[in-house]
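For reference, the structure is listed below as structure tokens.
The values are calculated or read from the model by the stated rules, or taken from the named source; none is laboratory data. Just so it is clear, the structure is predicted and the values come from calculations on it, not from any experiment. Methodologically, a virtual Cβ is constructed for each residue, glycine included, from the backbone with ideal geometry; neighbour enumeration extends over all protein chains shown.
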Amino acid sequence: MLDLGFFEILLIGILAIVVLGPDKLPETMANIFRFFKKIKHFITETKSTIDKELQIQELKDEANHYKQELMSASQKLEEMTNSEIRNPINDEVREMKKIDNETKSEVTLRKDSAKSELQSLLDAGKKNV
């Protein structure tokens, strides 16, 4: 991490003894080790959090992929339903409506014709009486 050799560490130790004195050196060393331990713990937690976030992002990406596949399959199913079921049914409904309209027209035409014949017969019967 710091890339210090043996002699460099020895030099720092000697300087620490000279500057701090033998009375404060153990307490200062303990504080320094606690500080490094906290930094190491913080780095470990940060790495763990980043890994979790990356896993969450991967899961989100995978979920979006499956969502796209599901939407595509749903659209294909809708198209198949329209072409194989709805369109033929709609064609049959249109044909039935056409037949219904033709039948209504035929009934109306025959009804009007029957009325005319009945009226003609009634008029002829009145002339004969």
Check your understanding: Given the structure, is Pro88 closer than 30 Å to Ile9 by Cα and modelled with pLDDT under 90?
Key -> no
Study note, to complete from the structure: Counting only residues in segment 1-13 that are at pLDDT below 85 and among the aliphatic types (A, V, I, L, M), the one farthest from Ile43 (Cα to Cα) is identified as Leu10
Review point. Where residues in segment 1-44 are in a helix (DSSP H, G or I) and among the small types (Gly, Ala, Ser), which of them is surrounded by the most Cβ atoms within 10 Å (Cβ to Cβ)?
Key: Ala16
